[in-house]
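Below: one structure, written as structure tokens.
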Amino acid sequence: MEWETVIGLEIHCQLATDSKIFSGSSTAFGSEPNSQASAVDIALPGVLPVMNLDAARMAVKFGLAVDATINERSVFARKNYFYPDLPKGYQISQFEEPIVTEGRLSITVDDKDKVIGITRAHLEEDAGKSLHEGFVDETGIDLNRAGTPLIEIVSEPDMRSAAEAVAYMRKIHALVRYLEISDGNMQEGSFRCDANVSIRPKGEKELGTRAEIKNINSFRFVEKAINHEVERQIDILEDGGEVVQETRLYDANKDETRSMRSKEDAHDYRYFPDPDLPPMILSKEFIEEVKESLPELPEAKRERFMEQYELDEKDAAALTATRETAAYFEKTVEACNGDAKTSANWINGELASYLNRNNVELEDSPVNPKALGGLIERINDKTISNKIGKTVFESMWKNGSSADDVIEQQGLKQITDSGAIEKIVDDVLASNADQAQQYRDGNEKVFGFLVGQVMQASKGKANPAQVNELLKAKLS
Amino acid sequence: MSVTEKDVRYVANLARLSVSDDEVKFYADNLSRIVALVEQMNDAQTDNVEPLSHPQDAPLRLREDRVTEVDQRDDFQKVAPAASDGLYLVPKVIE
């Protein structure tokens, strides 16, 4: 039987506020345990939450960027459950009336565009952290993270493959960073996702029973976890079994998902409006003001790059995939006298492959835009050939030095002195007399060989155009 | 609607309350009577009434995003049942 995969994602994204959502504690990462956990965060009796305006502003920003409805009225609700890293015994979240509803985001997979529906995005507080290691009969609780503002972005079950889920997650990730509402740091848990996965026979309208995979914190894992889960469900159904609705945890070490809690003791959260927090009312003026503060979004930037820099769509899309790449590109263009096409080629080609191979983020690239622009300048002014440029780039990557320094130190300056090139050409022709004769006899393929010999003799430094010209003249 | 003994046990479990068999019966009776009292409201005509999220007709107050709290961990941990190396300690939990 042919199966169809159905995926919906819930993305939890920490908002980049300075203080927590309901208290004046700092949200900085990595501080001493519990040094940023105030009376409100540890839920001492008698404390009251006071909502952070910027957290609301950031949620509105997100909603506007995904074409969603911004609800002028939204309501905070209590989600009740017991866990030691949730000291109040409930999480303040939004349930029936979230701040953002009905948005959409388009993704591209295998050159096909597809719109993914966003059901809602709601504001909530993060929980603290439980530490199990290093204790025998106890668990350590760090509440620094408790009360950090989050938006939970819930998609429609619109994705049909792990690749689409990854594309969607990447797009949301790039977007929250464009908007500067989250640092998107996945190692620190600022951006994580739960995946709802089910399968059904192709053509079937009804959704199959779903499993929820919890707390996936990398793009690679989301793909692996979903693919693994799909295989598991197909195996069950093809063996005549039934998928159980449950929460599963992805174990990256074993590349498998395992059950966390089954449906029998599934949580009954008993949501109800939080009496400590009256409805949040946002004025039209406030929403309008946020709208005007939106930065240039990826799609608009891509259009502008195509227009202003005369790039094709593929280059422009790659360069605007993240805000950092776009900024890197524009700085590089500036540093090489506006040569946008060559800048795009280097960034999407050589630089991208070095970053990939060495698993380095663009922000940490040893070659900065100014240095790359400098290298492009040296190619454009014919100090070096494009091919030598790649050698120079390699040294720049390794040593973090400028193109000029590398060219100087390694003596890579292109030979454009026609006298010097002529001498090399003469030597090559003298020691390859047979091949030269073959060419004169009409075997044109030998020409490439002779060019190669000259380039080799010059250690790649001879200007290729001049070599071609001189060889042709000598052989005619 | 009446509250059954099963309901009482379910809610007690969610609230992490220990309730004896005698108490289950007692609470089921009492809660049923409270629910019956509240149920009188079902007779009220509410077709044109908006649901109420909060009894006070005041919008949420929003504060500027500023760090105003200082570290009072040592004071807080003095009254905690157990703490070590800055962490609050609880009986082992494993999910």
Selection within the range A:152-193 - under 20 Å from A:Leu249 (Cα atoms), acidic (Asp, Glu) and modelled with pLDDT under 95: A:Glu188
In the range B:59-93, which residue that is within 24 Å of the chain's Cα centre (by Cα) and more than 7 Å from chain A (Cβ to nearest Cβ) is farthest from A:Ala39 (Cα to Cα)? B:Pro81
From the residues in the range A:93-120 that are within 27 Å of A:Leu53 (Cα to Cα) and among the polar types (S, T, N, Q), which one is surrounded by the most Cβ atoms within 10 Å (Cβ to Cβ)? A:Gln94
Could you check the range A:191-260 for strands (runs of 3 or more DSSP E) lying wholly inside it with 2 or more residues that are away from every other protein chain (no Cβ under 14 Å) and under 22 Å from A:Lys129 (Cα atoms)? A:191-201, A:211-216
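Return the only residue of A:Pro49, A:Pro33, A:Pro45 being within 30 Å of the chain's Cα centre (by Cα) and farther than 15 Å from A:Cys13 by Cα. Break it down stepwise before answering.
On the way: A:Pro49 fails: within 30 Å of the chain's Cα centre (by Cα); A:Pro45 fails: within 30 Å of the chain's Cα centre (by Cα).
Step by step, each of A:Pro49, A:Pro33, A:Pro45 is checked, and only A:Pro33 is within 30 Å of the chain's Cα centre (by Cα) and farther than 15 Å from A:Cys13 by Cα.
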Single match in A:Ala43, A:Ala28, A:Ala55, A:Ala37 (criterion: part of a helix (DSSP H, G or I) and either closer than 25 Å to A:Ala165 by Cβ or within 14 Å of chain B (Cβ to nearest Cβ) (or both)): A:Ala55
Just name the residue that is nearest to A:Glu102 (Cα to Cα) out of those in the range A:20-68 that are among the aromatic types (Phe, Trp, Tyr) and crowded, with 20+ Cβ neighbours inside 10 Å. A:Phe62
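Please verify whether B:Gln56 is away from chain A (no Cβ under 11 Å), surrounded by fewer than 12 Cβ atoms within 10 Å (Cβ to Cβ) and on the phi < 0 side of the Ramachandran plot, treating the condition exactly as stated.
On the way: away from chain A (no Cβ under 11 Å): no; surrounded by fewer than 12 Cβ atoms within 10 Å (Cβ to Cβ): yes; on the phi < 0 side of the Ramachandran plot: yes.
No, not satisfied.
The values are calculated or read from the model by the stated rules, or taken from the named source; none is laboratory data. Just so we're clear, the structure is a prediction, and the values are computed from it rather than from any experiment. Neighbour counts are summed over all protein chains in view; Cβ atoms, including those assigned to glycine, are modelled from backbone coordinates with ideal geometry.
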